[in-house]
Structure formats: C-alpha cells, structure tokens
1. From the list 65, 88, pick out the single residue that is surrounded by fewer than 15 Cβ atoms within 10 Å (Cβ to Cβ), under 29 Å from residue 171 (Cα atoms) and either outside the structural domain of residue 193 (by TED's automatic domain parsing) or free of Cβ contacts under 8 Å to residues at least 60 places away in the same chain (or both).
2. Would you confirm, using the coordinates I've provided, whether residue 181 is in contact (Cβ under 8 Å) with a residue 60 or more places away in the chain and on the phi > 0 side of the Ramachandran plot?
3. So which residues in the range 444-483 are without any contact (Cβ under 8 Å) to a residue 24 or more places away in the chain and either assigned by TED's automatic domain parsing to the domain that holds residue 371 or part of a strand (DSSP E or B) (or both)?
4. Report yes if some residue within the range 316-331 is surrounded by fewer than 13 Cβ atoms within 10 Å (Cβ to Cβ), modelled with pLDDT under 95, part of a loop (DSSP other than H, G, I, E, B) and in contact with a strand residue (DSSP E or B) (Cβ under 6 Å, 6 or more places away or on another chain); otherwise report no.
5. Looking at 457, 536, 446, can you tell me which residue is over 30 Å from the mean Cα position of the chain (by Cα) and surrounded by 15 or more Cβ atoms within 10 Å (Cβ to Cβ)?
6. What's the total number of residues in the range 481-500 that are surrounded by fewer than 18 Cβ atoms within 10 Å (Cβ to Cβ), under 30 Å from residue 84 (Cβ atoms) and in contact with a strand residue (DSSP E or B) (Cβ under 8 Å, 6 or more places away or on another chain)?
7. Answer yes or no as to whether residue 159 is in contact (Cβ under 8 Å) with a residue 24 or more places away in the chain, within 30 Å of residue 57 (Cα to Cα), over 27 Å from the mean Cα position of the chain (by Cα) and in a loop (DSSP other than H, G, I, E, B).
8. In the range 189-212, which residues are surrounded by fewer than 16 Cβ atoms within 10 Å (Cβ to Cβ) and more than 25 Å from the chain's Cα centre (by Cα)?
C-alpha cells in the first residue's frame, strides 16, 4: 500500500481549490437531467415470434435496481430481472409472452439522485400467434382451491395431463379492478402462494393452463379475501406483572401488540390473599376504559388499599376478530403501608469507549421512581445525545451518547425527582465524569461510502473529530489493483484533508480508499484502518447503430 504525500494548504492553495470547484471539478448537483429510456429489445412497435425472448432496456444513466417497476398488460410475470450493467436491465417473462397479443410494458424507476423516469415510459410490441395445435388448448384447471392467509392467499389445483403442458398462468387483482400481479407456475407444480395483499379486501384470481406453443385454456376464476390471522398479545402493563412494594397506584394500564376492538375488551379484577393465591374479593378498577395510541393502550382508574395484592384477567380481540393469546393476567402488590420515605441515589456508574467516543451513564435509586418526574429533574452538562431508559424501575441508564474528549460531564438530579408514592428527593444529587484524550474519529467522507454515479474528477474529502499530525497520514486510493496518483491537501484547521486525483478515474469503476495510519496531535492513532469506496458514472454517448454505450 503506497503513501500519498500530504501538502499543507496555504491561503493561495485554498483559493486555487475553490476556483477549481467553481470550474466544475466537483460532482454535478442532483438537479441535472432526469433518466430516460434510450432503447429496448424488442423495440417499441416491433413484432416478435419467440415468446421466451427477454425484454432488454437501456437507460441514459444508472437506475436504482430496487426502484425499477415493470407492469405488463396483459399481465406477465416479470419478477426475474438481471443487470449486466448499471444502465441495462434484462427481464425474463415467466411462462413467456402471451401468444397473438399486443403487449405493453410500463416502466418506472429512478436514478441514484432520486430523479424518476418520465411518466408514461413504456414499450409496446406484438407477439406472433401460436402454431396450430391439433389437440387444441389445454383443459381448464380443475379442483382449484383458494385459502386466505395473512396478507395473501394460497392456491392449489389438480394437475393437467396434456403431454405438452408448460405450466399455469396465474393473474390476480382487486375485485372489480385491474389485474395487479401475475405469476407463471411451471408444470408439474400445482400450487402457488401470493403475498403482499391488503387484508380485508376481496381479490379476483384467474388461473389458465398453458402448453408449449403458448395456447392457454379457458380460465378457472374465483374470489378470495386475505385476513389478519395474527392474534394480539399483551406486551406490557403498568404496574408490571409481578411488581411488588408499590406505593399509590391510581391507574392500571395495558399495552397490546396491535389495536384492539374496544367493544371486545373485558376485564376481571380481584384482591388476592397473596400473589399467585386465590381471590378474596373484587378489586376496584374501572369501570370506564380510556384508550390511547390508536387502540393499543387501555387504562383503568384504580382505588386500591395499601398492602393489596391484585390480579387483573383480560379478554379481547383485535380488529380482525383474533382473540388475545399468551399471557392474559397481570398480578402486582402494593406496599403494606403508605410510602412516606424519600428516595435516594444509591449508586452512579459510567463507561467511556475511546474508540467510538461514546459515553454511558447509570443512576441507581433506593426504590422505584416516577419516570416523568425524573425526566424533568435530571440534567447533564454539557448535554448528551442519549435518552434515559429504565431497564428496572429503580435504575436509569443513558447509553452510547456521543462524547467530547478531555471534557468533564456533570450529572445532576434535582429534588423534583419523585418515587412512585410522590416522595421527592431530599437533597439534589451531583456527580461527574471526565473523559480522556480520545483517538481521532472519522466524522464524514465525501463522496459517501457506497455512492454511485460519481464524477470521474471528484476529489475525496475527509473530516475528523480533531486536528491531526499531517505527517502521520498513510492513504491509498486504488481502482482494482492500480493505484490512483494524486495529492492530499490538508484543511486549514488540520482536522481534515482532501485527496485530489492527478487524472480522472475510469468510467463505471469502483474507486477504493484506505487510511491505514493517522494520529492526532497528541499522538493517539486511529483505532483501526479506515476503508471505503464509491462508483464512478458511465460515459453516455452515441454507440454503434445509434445506440448507447
């Protein structure tokens, strides 16, 4: 791996770099020309005789593969798409194009900058009629059975016995609407599964047998309605199941995995002789239910005596009628006497990861805390980017906050923090942690790692978390096995540098970079080598016979 010399940027060098950028040496803005369809095979208006001929599409610029949509009319399964080049897509028609039909394929997609193909981009061609078959078309599939599922359906049928049977063409769409999808099922398979549909909506399906010549049978048709088959579950409750030593409990709430049919919700609450024991009488909950979060959370007002042990049993169904499954009971116990003791902070711990510049904090209290009052009472100076979480009712953690080096973070909790009984902290709590000198961290790189359609003259700009030793840099830039010649120019604050290639990168090439050595001004090295890559854009222009390359 070769080292690229570093050059300290002077005021004149900075001005020269800015002038070069103004003269077009940077990547073009995202507002350039939108992508377009350059050519296709079959061409628009063509007539083909081979029903298995792939559809080849050539675009003016690279298309995001996941954005490409191909919709054929009449419906054809075009799910199998290959990309021999970023600008060339080849779609294979599952089961072949329909014989004797005019086929229109509507094309959608966008490039890496999010610019879409023009609306109405399509290719229309005609498929030759199938050869005469003395046996006629295949028989209509029999014994067709549709079974609704969650977001789709499964279709099965009895096998046809024609010796030249190729398979079965399945088409589906909403009842009374246009076809939405197609799937070719090769013989001898006699079942298909369709997913990605809307629950509760009726869909019409049409199944036809097809022989090797492209002749299709009369359709077997039917209607099926997918439905939600996933039962709801109780995700959590407040108080939590098994909680003990609770203070005042003015409300009990339940959180479900999905919206609940409010009319189906029912509960039974009783007092227990002890947790897990038998009921001794009714517990005062409800009767009114307050719903929130779109029907996922149900809350009941409660009037429970100190020392009470309570069991709440639940029954409900979701909006599709699936009954509640899994745990359906919650038990908890209140403290035997009213809690009048103020809480206290009994522990503070922290951890710092110098390699990732991340700080984690933990506060432990003498009892379960009211989380809302804690959120209003806690403060960290300087501020942190993490959110306080509660893995246990008495333990609050703030994990993986981005931290600054050589900085003292002061953690304070005011007397506004309260326990579940409303008792406030008697005195404010303060503690602190001081970070060490961190190794340098890469903050950003441009072009971004994995970027596509990058200009062949684009420099590579790196920014780090702090100033660096300019002489410690070991950088290589390669295309394949070949090193890219160029120079690294340091930013004025020495917290970043830009690599300028001496000549342009090749078109449609993966440009890889690697920083294997670099130290901050205190001598701390980067924890591990830094690597990344991006792809340059293709060169678009006239090709053979007026095509593109």
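The values are calculated or read from the model by the stated rules, or taken from the named source; none is laboratory data. This one's a predicted model, so the numbers in the text were calculated from it and none came from an experiment. In this analysis, Cβ positions are derived from the backbone assuming ideal geometry, glycine residues included, and neighbour counts consider all displayed protein chains.
1. Unique residue meeting the criteria: 65.
2. No; evaluated as a whole, the condition is false for this residue.
3. Restricting attention to the range 444-483, the residues satisfying the condition of being without any contact (Cβ under 8 Å) to a residue 24 or more places away in the chain are 444, 446, 481-482.
Selection gives 444, 446, 482.
4. Yes - at least one qualifying residue is present in the range 316-331.
5. Values: 536 fails: over 30 Å from the mean Cα position of the chain (by Cα); 446 fails: over 30 Å from the mean Cα position of the chain (by Cα).
Testing whether each residue is over 30 Å from the mean Cα position of the chain (by Cα) and surrounded by 15 or more Cβ atoms within 10 Å (Cβ to Cβ) leaves just 457.
6. 1
7. Numbers: in contact (Cβ under 8 Å) with a residue 24 or more places away in the chain: yes; within 30 Å of residue 57 (Cα to Cα): no; over 27 Å from the mean Cα position of the chain (by Cα): yes; in a loop (DSSP other than H, G, I, E, B): yes.
No.
8. Of the range 189-212, the ones surrounded by fewer than 16 Cβ atoms within 10 Å (Cβ to Cβ) are 189, 191, 193, 195-196, 198, 200-202.
Once the filter is applied, which keeps residues that are surrounded by fewer than 16 Cβ atoms within 10 Å (Cβ to Cβ) and more than 25 Å from the chain's Cα centre (by Cα), the range 189-212 yields 189, 191, 200, 201, 202.
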